[in-house]
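For reference, the structure discussed in these notes is given below.
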Amino acid sequence: MAGRIRDEDVKAVRDAVPIDAVVSEYLQLRPAGGGNLKGLCPFHDEKSPSFQVSPSKGLYYCFGCQEGGDTLDFVMKLDHLSFSETVERLAAQAGITLRYDEGGYTPGRQQGERIRLIEAHKVAAQFYVEQLGGAEAEIARAFLAQRGFDQAAAEHFGVGYAPAGWDHLVRYLRGKGFTDKELLTSGLASDGRRGAIDRFRGRLIWPIRDITGEVIGFGARKLREDDNGPKYLNTPETPLYKKSQVLYGIDLAKKEIGRTTRAVVVEGYTDVMACHLAGVTTAIATCGTAFGADHVKILRRLLMDNSTAEVVFTFDGDAAGQKAALRAFEDDQKFAAETSIAITPGGMDPCELRLAEGDAAVQRLVEGRTPLFAFALRSIVDRYHVDTDEGQVAAVDAALPVVAAIKDRALRDRYAIRLVGMVGITSKTEEDAIVRRVRALARSRAERGPVEAAPRRGQARGQQAAPPPRRTPSGPRLDLRSPHHRVERELLKLALQYPQLVAPAFDAYGEDEFTGPPYAAVRRAIGDAGGVTQADDAYLTRVRDLAPDDAVRAMITELAVEPVMHKAPDLYAGQVLVEVRLYAVKRRESELRADFARLGPRPDPAKAAAVQSELWALQQYGQRLRESGAAGL
């Protein structure tokens, strides 16, 4: 059993791996002001970025679904790892050797399952690459050469070769300390009559990497006629590999996709290779499955759904390719980005096009793309004989739902007019009638409410998805329209983000000066962590660790990431300290007046004098605060 990772090593991992570097492996981040970065949340679907990262604090927080935490939390939640697996993974990236309190550390025996499977894939990928240079792999090298890929191209994409024997890889990985159970779980091996055997045999191999660059599976292409298996064989579903959530080439393309805000979706491994070598370095492909909702989520996080973003689908010009293009059209409404299609000439795929006409032809293919709406309308209209009245009416009826589905109102009207021209209608009266029909259908769709394009498991198609659960702190609901709550929130943000600006005054503030119960709980955690005067590099970690529950911990994270409402926090801090104290003074004054009223018309002189004395002192203190500001505290 693995021992406990030492706290100082966990801290070293946190400090060594910047949170913005980790998060940007998964999604596109852009400046959000105040030193923060923003992007589309990877934990729930959203149309505009509410996910923020604070590099200086080492924290992230989504103001939409309330997920938040530090670097370790992010990787744990997104990759479904245990705490120790996460620390081990990030430590390996940072080159940090971990120490365990109980009995040291035995590599290969104490790692979590996912880490072990990742390592097995890494070793397997190296094995396959080495095999590509052997005599048996001549057929694989010839296959690559026939498609225009030299040794440098193979090395760039990590292409390899699986020997034709039954258990070459299995025996190699056993020698590296991996068990048969791990090889079967990873999908690298299959069950044979006498134990584990290689899943891939006598095939050309492509490593399939996740967005961070880790190898999580393989795609294998048949090379010999006596191979009775399918043309392409992929890794089966495993704890690492979910084909509906994988895009081949995403690790190589993600930075350029983020920079250019364009992604090019092709159909196969060789098409991705051809596009990248031709200069279209934003090309990616699905792995043995249709482009679907989970693929959309990956691209949306990279494209940030801004108005200039674009997704280009490339398909063969044959009937099957056009059918695939229309399936892609169904996903268009999931993007805020413009969606286009590029149909390859003569039924060629991008790899064949590059061979026949060179790199420039591949670039022209992408640059000559057509908006997907226009392609979809043309495909529908072409099914009908529009040289007859009956054909025109039928084509319009079939295409109207497509036009009405367009989100942009102005674009919707333009496509309604384009549809009129496509079917050959020349009457202005009929054109106006069709535009009105489109608008009415769009209104009807809007009144029915948004429909999930891809229903979640257990959710019927057409049923509106429930919003993500919101984690609310304990106690009465905070009302940010209340000036009391608003200024208390600002003071806590300053205390967490700029403790030196409110020290030492903040530490003298009691929990009762925070009228929102969640805010009082945050104030208590700050005190338990030593207060703002004891703030150091581990201050925020201590405060979060001392939160009494997940709700308060989430509130601390939120306040540590949310920007303060002033461009000059050093000037703002004193003002906020004074406002919170003045609200406390006013509340106490109100309590004293109520106490005095309860004394009755003939109060006890001593009690009345005590109340009046405290009230007078408070009034003087409040006046000093209003005149002197923070200096009066």
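All of the numbers you see were taken from the coordinates with simple rules; none came from a lab. Nothing here was measured: the structure is a model prediction, and the numbers come from that model. Please note: Cβ atoms are built from the backbone with ideal geometry, for glycine as well, and neighbour counts cover all protein chains shown.
Structure notes:
- Rg [Å, one decimal], Dmax [Å, integer] - the range 376-421, C-alpha atoms: 10.5, 31
- Spin-label zone in the range 58-81 - amide nitrogen under 11 Å from a point set 7 Å from the Cα of A21 along the C-beta vector: none
- When the alpha carbon gyration tensor of the range 384-448 is reduced to an equivalent ellipsoid, the three semi-axes, largest first, read 21, 12, 10 Å.
- Across the range 224-305, the mean sequence separation of Cα contacts (distance under 8 Å, 6 or more residues apart), normalised by length, yields a relative contact order of 37 percent.
- Ratio of Rg to Rh over the range 113-241 (Cα coordinates, Kirkwood Rh, two decimals): 0.94
- Computed over the chain, the per-residue total of -39500 (n - 2.57) for DSSP H runs of n ≥ 4 gives a 222 nm mean residue ellipticity of -15500 deg cm²/dmol, rounded to 500.
- At an R0 of 41 angstrom, the distance between the Cβ atoms of R418 and E357 translates into a FRET efficiency of 0.85.
- Relative contact order (%) - the chain, alpha-carbon pairs under 8 angstrom, separation at least six: 10
- Anisotropy class of the range 7-94 from Cα gyration tensor, a/c 1.5 cut: prolate
- Solvent-free Debye calculation, one equal scatterer per alpha-carbon of the range 483-632: log10 I(q)/I(0) at 0.13, 0.16, 0.18 Å⁻¹ equals -0.63, -0.86, -1.00.
- Cα gyration tensor, the chain - rounded (a/c under 1.5), prolate or oblate: oblate
- When the square roots of the Cα gyration tensor eigenvalues are ordered a ≥ b ≥ c, the ratio a/c for the range 224-304 is 1.5 or more and a/b does not exceed b/c, which makes its shape oblate.
- Along the range 547-556 the Karplus relation, 6.51 cos²θ - 1.76 cosθ + 1.60 evaluated at θ = phi - 60°, assigns HN-Hα couplings of 5, x, 7, 5, 5, 5, 4, 5, 5, 4 Hz to successive residues, with x for each Gly and Pro.
- Of the peptides 13-23, 606-616, 245-255, the order by per-residue mean of other Cβ atoms within 10 Å, starting with the highest, comes out as 245-255, 13-23, 606-616.
- Annotation for Q93 and D191: the two label points, set 7 Å from Cα along the Cα-Cβ direction, are 3.6 nm apart.
- Distance violations [Cα-Cα > 27 Å] among K77/K567; K181/K254; K38/K493: K77/K567; K181/K254
- The string of couplings for the range 261-276 from the Karplus curve (6.51, -1.76, 1.60, θ = phi - 60°) is 6, 9, 10, 10, 9, 10, 9, x, 4, 5, 5, 4, 4, 4, 5, 4 Hz, one whole number per residue in order, with x for Gly and Pro.
- Ranked by how many other beta carbons lie within 10 Å on average, peptides 223-235, 374-386 from highest: 374-386, 223-235
- Spacing of the modelled spin labels on T260 and R383, each 7 Å from Cα toward Cβ, amounts to 3.4 nm.
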